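Student: Please find one structure pasted underneath; my questions will follow.
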Amino acid sequence: MGPRNGGRGAGNTSSGSGSNSSAKTSTATPSEFNETEEACSLFGFLHGERLRYSRGPLTGETTVIVGVKDGKLWSKDSSGAAPTFFLGRTKDDLLQNYGLVNNDDYEQALQREEEERQASVQMVPVVLSIGDTVEVDVSDAACSRFGVRSGDVLAHQKGSLAGKTTKILGVREGLLYSIDEGADGASFFSARTKAELAARYGIGELPSGSPAEVVMSPRQRRIASRKLACAQKLRADLGFTAADARSLVARIFGA
């Protein structure tokens with residue numbers, strides 16, 4: 001077969017440049033490879049070492065070092081049947097061309113990142129405008145992808161809510177939740193990035209001199225409290241679904 005995998009070669013080659021044009025059909029067998037530490041370490045790796053590509057079309061795939069043949073380092077990819085060789089004569093070449101990393105180190109790094117992310121999670125309950133209660137992550141790590149922090153009070157600059165304030169609460173399932181000025185409860189933005197948030201809602205800092213708080217009148221608070229209590233009773237005592245409870249509460253309170 002010809003060259004493949006974005007610069008990997010398969011087959012017997014001349015001992016020359018290692019360019020794509022030198023790759024030919026493979027007839028190599030495992031016994032033809034020099035598996036010694038002395039031979040493989042010239043390329044910075046060892047026989048049997050499992051690596052992961054972090055660059056090029058094979059990014060994310062794994063490969064296992066087979067040995068050295070014809071002055072080249074060969075490996076067997078997880079997606080290939082026969083060993084293929086790397087184009088490069090030094091570890092620096094291989095890192096530059098393929099971004100090779102030790103697979104165990106890679107997985108340990110991912111695990112550490114996940115553990116750090118889990119450690120930073122700060123879940124708090126919020127009441128939605130439909131009467132349900134959910135938990136949102138109020139940590140800076142969760143909110144920063146939207147360019148905000150929990151507790152920020154910002155202004156709508158587009159749409160029907162233009163001119164009104166909204167208080168950022170937190171993130172749930174990749175969506176940002178806030179409570180709008182005059183709202184009965186929290187709702188989420190249909191955006192997953194800071195750019196989308198700005199483009200769709202025009203969320204921005206408050207105009208100079210605006211009060212940095214979301215104000216709900218006493219009447220609005222009483223109505224919101226009654227709606228929530230009614231929805232909870234319908235679900236807990238009468239077995240209503242969230243949707244049915246929401247619909248009935250809307251008819252009762254006329255909103």
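The values are calculated or read from the model by the stated rules, or taken from the named source; none is laboratory data. Just so we're clear, the structure is a prediction, and the values are computed from it rather than from any experiment. Neighbour counts are summed over all protein chains in view; Cβ atoms, including those assigned to glycine, are modelled from backbone coordinates with ideal geometry. Side chains included, ligands, DNA and RNA excluded: accessible areas come from the protein's heavy atoms. Shrake-Rupley method; radii C 1.70, N 1.55, O 1.52, S 1.80 Å.
Residue-by-condition table, conditions (1) surrounded by fewer than 17 Cβ atoms within 10 Å (Cβ to Cβ); (2) assigned to a loop (DSSP other than H, G, I, E, B); (3) at pLDDT below 80:
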site	(1), (2), (3)
Val136	no, no, no
Ala141	yes, no, no
Gln157	yes, yes, no
Arg192	yes, yes, no
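Student: Step by step: first the residues of segment 220-255, then only those that are within 38 Å of the chain's Cα centre (by Cα) and outside any helix (DSSP H, G or I), then the one that is modelled with the lowest pLDDT. Which residue is that?
Tutor: Ala255
Student: Next question, about the same structure. For residues that are assigned to a strand (DSSP E or B) and either open to solvent by 50 Å² or more (accessible area, probe 1.4 Å) or in contact with a helix residue (DSSP H, G or I) (Cβ under 9 Å, 6 or more places away or on another chain) (or both), tally how many sit in segment 143-154. Walk me through how you get there before you give the answer.
Tutor: Our first condition is that a residue be assigned to a strand (DSSP E or B); within segment 143-154, this holds for 153-154.
Checking the rest, the ones that are also either open to solvent by 50 Å² or more (accessible area, probe 1.4 Å) or in contact with a helix residue (DSSP H, G or I) (Cβ under 9 Å, 6 or more places away or on another chain) (or both) come to none.
Matching residues across segment 143-154 total 0.
Student: If Gly48 meets every condition in (1) assigned to a loop (DSSP other than H, G, I, E, B); (2) modelled with pLDDT under 90 apart from one, which number is that one?
Tutor: It fails just one condition, (2).
Student: Do you know which residues across segment 124-170 are within 25 Å of the chain's Cα centre (by Cα) and among the polar types (S, T, N, Q)?
Tutor: Correct list: Ser139, Ser144, Ser150.
Student: Next question. I'm checking my understanding of the structure. Among residues of segment 56-105 that are open to solvent by 40 Å² or more (accessible area, probe 1.4 Å) and in a helix (DSSP H, G or I), which one is nearest to Glu35 (Cα to Cα)?
Tutor: Lys91
Student: Filter segment 30-81 down to the residues that are touching a Ser or Thr at 6+ places or on another chain (Cβ under 7 Å) and without any contact (Cβ under 8 Å) to a residue 40 or more places away in the chain, then identify the one that is farthest from Leu110 (Cα to Cα).
Tutor: That would be Val66.
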